[in-house]
1. List the pairs from 363/434; 400/472; 22/434 whose alpha-carbon separation is above 23 Å, in the order I gave them.
2. Please compute the length gained on full extension between residue 380 and residue 475, using 0.36 nm multiplied by the number of residues separating them and subtracting their Cα-Cα distance.
3. Per 5 Å bin, what is the whole-percent P(r) computed from every C-alpha pair distance within the stretch 354-566?
4. Under a crude label model (7 Å from the Cα following the beta-carbon direction), how far is residue 525 from residue 314 in nanometres?
5. According to a simple spin-label model (label point 7 Å from Cα along Cα-to-Cβ), what is the distance in nm between residue 49 and residue 421?
6. Taking the alpha-carbon distance from residue 459 and a cut-off under 16 Å, which aspartates and glutamates remain once sequence neighbours fewer than 8 residues away in the same chain are dropped?
7. Given a Förster distance of 35 angstrom, what is the FRET efficiency for residue 406 paired with residue 321, based on the Cβ-Cβ distance and rounded to 0.05?
8. Residue 176 to residue 496: extension gain in nm, 0.36 nm per residue of separation minus the Cα-Cα distance?
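Derivation of every value follows stated rules applied to the coordinates shown; laboratory data play no part. Predicted model only: the values in this text are computed from it and were never measured. Glycine also receives a Cβ, built like all others from the backbone with ideal geometry; neighbour counts cover every protein chain displayed.
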Amino acid sequence: MTLLLQIITLIGSVAMLMYGMKVMSEGLQKMAGSKLSNVLGTMTTNRFSGVLTGAGITAAVQSSTATTVMTVSFVSAGILSLAQAISVIMGANIGTTFTAWIMVLGGGSFDLRLVVYTAIVLAVALIYTKKNANLGDFLMGLSLMLLGLTTLKINATEMHLDQMEPVRDFFVATSSWGYGSYFLYLLVGGILTFAVQSSAAIMAITMTLCSTHVLPLDMGISLVLGENIGTTITSNIVALSASVQARRAALAHLVFNLFGVIWVLCVFRWFVGGVCELWGVDFEPGRPSNVSPDKLNAILATFHTGFNVINTCILIGFVPYLEKLVMWILPSKPEQKDTDSQLRFISGGLMSTSELSILQAWKEIHVFAVRTQRMLGMIHDLYNERDEAMFTKIFSRVEKYEGICDRMEYEIAQYLNQVADGRLSDQSKHEVHKMLRIVSELESVGDANYNLSRHIRHKHENNVQYTEYQDKNVEMMIYLVAGAEAKMVEALEHVNISRDEFLEMTNMENEINNFRDELKMQNMQHITEHEYDYSTGVNYMDIILELEKMGDYIINVEEAIYEHKHDK
């Protein structure tokens, strides 16, 4: 029964470690907010700054996944080139090694439980008082991670794994095949990392096994190498449903780490021996080291950091060639080329926290609005086009864009529903509700554009002739609606509307409504006076009323943004 309890405690401590890392990362990302995205978008002017940016963000938020997914989404949107993305991912590999050093410091000989429990009390106070709740989440996550590490270390020591004959025999047998053993543990490390979706958890287990003198140090380092491969498999699977550029970025991550594993295996024992010498430890291949656990953990962390830093230094000069390689492996087929129907910011999947996912969704909604704005420009061209072939071409484009709008509404709404399934504050839930409303209104704007194209096609096919006065009124109404839509797009770009700006938009909406009312009255009068026939008047008012409806949808979007920013 004691052994069963120890095994359950072992599994529970690993789970606590993984959950603590997740909560800590979420807390940091919530505190950082949109700054992460802004930094990533602006501080990647060259490959060296890209490496530093990737390393800095990953070390700060303790999640290479967050950095990688943001990078992939920016590549899909065209904000970052593939070469810039590769340099950021290289930096993320360096930044993620910071986690191992936290484990070294947190899993040392000093019993951290008193500090951890004090931090938990403080974290709970911050979370429940809702003052600095994000800081409370960070402290809670850090405390759980350190508590998991401490429990894992204590439990492994109490189990006396080095004295368990079956365990000792297994590791002795699998560690006596020379390079065959290295390949075996590398494979195991990759599979385990892919299975549990956490390189931090496998690193903690590796440190525990080495520090209890069960697993030889070189086998533990082989597991660490496997973790580097396993963590890239996840991103490649996620990118399967993304754009070709996103898949290339994920593949570059895999190629980068594979190259590193290959060269380090060629000099493996020399490299490991050098790291051990740095810490004053004699390296004995295939045999557990009888040195202090703290030193063994430090050696593992030093190898992890040194390997990624050296690998980056080697490949940083070959980024253009790495870019060409992944483009050759994943060429752009005609049906795979980026089109207007593809999502730009959220095609890479959910971010590691719901708050960052919301940020990406806002960017995608802005792209959605820009596309509806483009449609109105097509409507203006369609109205003034007299050439039959060009008219048909423009109408087909409007029809295509209407289908794009339908798909965008569905995909963004589906994404937001996935975000809502995560851990969200009441404020964030309210924000998601507003975003869903905005997406619905933007789809209605797309529908209104398509309805306009049908009314204009009816006019064109039936050779309906408007008076010069009617043409001027249609042009004026399109001008007014286009002005309102431009304000809407600007507001969505910054996700903000001031009180004065909102009053200006309200006045524009009133102007559109008043103009519609005036034209309705004039239309009836002109029909009565036989300036044009009834069917011409109906077609004319269909266009005017559809434009006015579009103005209603636009002001609804602006109201949602204004409420989002001012009803907090």
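1. 400/472; 22/434, as the Cα separations exceed 23 Å there.
2. Details: separation 95, 0.36 × 95 = 34.20 nm, distance 0.79 nm.
Contour length minus Cα-Cα distance gives 33.4 nm.
3. 1, 7, 15, 17, 17, 14, 11, 7, 5, 3, 2, 1, 0
4. 8.3 nm
5. Distance between label points: 3.9 nm.
6. Partners within reach: 381, 385, 387, 388, 468, 471, 475, 533, 542, 546.
7. Details: r = 42 Å, r/R0 = 1.19.
According to the calculation, E is roughly 0.25.
8. Contour length minus the Cα-Cα distance gives 108.8 nm.
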